[in-house]
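Here is the structure we will look at.
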Amino acid sequence: MTTITFGTSGWRAIMNDEFTFANARTCARAIADYLQRERLEKQGVIIGHDSRFMGEDFAAECGRVLAAAGIPVHLCTRETPTPVIAWYIVGRKLAGGINITASHNPPNWNGIKFSPDWGGPAMPETTSWIAERANRLLATRAAIPLMDREEAEKQGLISPCDPREAYLDDLRKKIDFNLIRKAGLRITCDPMYGTARGYLDAVLADAAATLTVLHNRRDPYFGGRPPEPSEANIPELLETVKNGPDDLGLATDGDADRFGIVDADGTFIDANTFIALAADYLIAERGFAGGLARSVATSHLIDRVAAHHRRELHETPVGFKYIGQLITQDAIVLGGEESAGLSIRGHVPEKDGILACLLAAEMVARRGTSLSTQRDELYNRVGALYARRVNVRLTPTVQQAIGSRLASPPDSIGAFTVRDTVTIDGTKFMLDDDCWLLIRLSGTEPVARLYAEAPDHDRLERLLEAGSAHFFR
């Protein structure tokens with residue numbers, strides 16, 4: 001029997017295996033029960049989807065479930081980015097939002113993201129309640145009431161919506177498009193067949209940027225690759241920028257909450273570096289007030305930016321929900337995660353890849369230098385740091401032993417002395433010379449995520465090797 005489990009960004013499963021219409025309806029009913037429990041049902045919910053197979057059909061079925069529970073539904077008429085749904089929730093003061101998406105997962109996956117009334121990803125206590133309720137409904141084979149779509153529309157319980165223009169108008173207040181226009185930037189965009197089509201390219205075209213757009217159509221197969229804007233998944237963008245006259249290459253993932261940045265020479269600017277660069281830019285050039293935030297798995301380069309500008313640094317568990325709360329509290333300039341998610345003060349408490357890409361364009365336009373040059377200048381001021389993540393598949397023997405190994409922190413890992421441990425999410429070993437190693441175990445498969453950072457590439461490689469040898473052999 002299917003078990004519905006919410007991870008850091010919702011429930012995800014393989015289509016036609018566990019992600020079925022029956023299970024999606026059950027999950028939607030559990031969300032409806034949660035909203036009724038919180039007495040929020042009259043505020044309404046937005047429901048959207050990404051560009052995967054039958055996304056609009058799954059969204060419509062969830063709408064019929066909520067309508068049957070008396071909850072008004074704003075049903076998106078096209079594929080809609082996750083940050084746009086978050087923006088609509090906050091702006092319309094809705095009870096929440098549902099997005100039918102598996103984000104950057106491969107094309108045979110789909111999922112349901114639920115965002116509550118504050119607009120960020122749901123907190124664990126919320127998703128735990130919803131998952132428990134959904135699994136109880138599945139176990140008892142409870143019938144899920146559905147309202148006829150035509151009748152729901154007639155009663156005003158389902159109404160069409162497209163937040164695109166209003167969201168883009170709001171971005172025009174947060175990004176300096178006049179700077180981009182004056183700089184005459186040449187940019188290639190890659191929405192990776194996802195929901196940013198008609199968003200990122202549209203506002204850049206309006207700003208008179210010379211624009212090339214790749215993969216600018218709906219393809220549920222995402223070109224045969226996961227729609228994740230990592231260096232490995234955007235070869236066409238890297239090649240186009242490297243061999244052309246572009247100042248910048250910009251990519252977004254399937255639901256447009258993650259970003260990928262390519263510099264003018266075809267160099268991929270990793271998320272850890274860009275988050276620190278963007279934080280420094282917002283403070284130094286735009287005078288943003290507040291602290292900075294990062295997840296425990298994200299580079300400490302942002303810590304150095306915070307120290308340089310005398311700003312408070314917040315370290316959070318993995319999951320943008322924790323950074324989103326700081327955005328909602330107006331406590332930070334910027335918050336980011338190494339998995340290519342960020343948002344800024346005054347914006348939505350959710351990752352926004354469209355915003356991140358536009359911020360990169362503004363940074364190049366205002367400073368008149370490439371992002372690589374800006375990175376080198378930042379290194380000159382605060383020192384260089386290099387971070388990397390690797391996934392380690394665990395053997396049954398190691399999987400059985402890893403808990404006890406992590407529970408008794410060693411005095412050293414290879415040649416690196418352990419100075420302290422941080423356990424807010426996984427186990428993070430603080431080492432000499434600004435080096436650190438973090439181990440987080442997957443809750444769904446025999447995999448460990450190994451993160452490391454060091455001031456040079458040589459020490460980074462030695463640290464990853466030492467960590468693997470100590471814990472996984």
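Only the coordinates and a few stated rules stand behind these numbers; no lab work does. What you see is a predicted model, and the numbers here were worked out from it, not measured in a lab. Ideal geometry is used to build each Cβ from the backbone, glycine not excepted, and the neighbour counts take in all protein chains shown.
In loop segments of region 38-94 as defined by DSSP, the trypsin sites (Lys or Arg not before Pro) with at most 13 further C-beta atoms inside 10 Å of their C-beta are Arg39, Lys93. Karplus-derived 3J(HN,Hα) values for region 387-401, using 6.51 cos²θ - 1.76 cosθ + 1.60 with θ = phi - 60°, are 10, 7, 10, 10, 9, 10, 7, 8, 6, x, 5, 5, 4, 6, 9 Hz; glycine and proline are entered as x.
Cα-Cα over 20 Å: which of Lys173/Lys351; Lys173/Lys242; Lys174/Lys351; Lys93/Lys321; Lys42/Lys93? Beyond 20 Å between Cα atoms: Lys173/Lys242.
For region 102-112, the Karplus equation 6.51 cos²θ - 1.76 cosθ + 1.60, evaluated at θ = phi - 60°, returns couplings of 10, 6, 9, 5, x, x, 7, 9, 8, x, 10 Hz by residue, with Gly and Pro reported as x.
Report the FRET efficiency, 1/(1 + (r/R0)^6), for Phe53 and Gln400, where r is their Cβ-Cβ distance and R0 is 30 Å, rounded to 0.05. The value I calculate is 0.20. The simple spin-label model puts a point 7 Å past each Cα toward its Cβ; for Arg473 and Ser412 those points are separated by 1.6 nm.
Residues whose amide H lies under 5 Å from that of Val447, counting only those 5 or more places away or on a different chain, are Leu394, Ser442; hydrogens are built 1.01 Å from N in the peptide plane.
Positive contributions from Lys and Arg (+1) and negative ones from Asp and Glu (-1), summed over other residues with Cβ under 9 Å from the Cβ of Leu179, come out at +1. Our estimate of slack between Asp206 and Glu445, defined as 0.36 nm per intervening residue step minus the Cα-Cα distance, is 81.5 nm. Here the relative contact order of region 386-472, from alpha carbon pairs under 8 Å that lie six or more residues apart, stands at 35 percent. Taking a ≥ b ≥ c as the square roots of the eigenvalues of the Cα gyration tensor of region 6-162, is the shape rounded (a/c under 1.5), prolate (a/b larger than b/c) or oblate? Rounded is the answer for region 6-162, as its axis ratio a/c remains below 1.5.
As a calculated quantity, the FRET efficiency between Glu239 and Thr423 at R0 = 60 Å, using C-beta atoms, amounts to about 0.90. Spacing of the modelled spin labels on Arg225 and Lys182, each 7 Å from Cα toward Cβ, amounts to 3.6 nm. For region 1-93, dividing the convex hull volume of the Cα atoms by the residue count gives 108 Å³ per residue.
Is the chain best put as rounded, prolate or oblate by its Cα gyration tensor, with a ≥ b ≥ c the root eigenvalues, rounded for a/c under 1.5, and otherwise prolate when a/b is larger than b/c, oblate when not? Oblate shape, in that a/c is at least 1.5 and b/c is the bigger or equal ratio. What nm distance separates the two modelled labels at Ala384 and Asp330, each placed 7 Å from Cα along Cα→Cβ? Each label point is offset 7 Å from its Cα along the Cβ direction, giving 4.1 nm. Pairs of Cα atoms nearer than 8 Å and 6+ residues apart set the relative contact order; for the chain it is 12 percent.
Using the Cβ of Arg197 as centre and a radius below 13 Å, the other residues enclosed give a net charge of -3, where K and R count +1 and D and E count -1. Debye-formula intensities of region 166-382, expressed as log10 I(q)/I(0) at q = 0.10 Å⁻¹, are -0.38 (one equal scatterer per alpha-carbon, no solvent).
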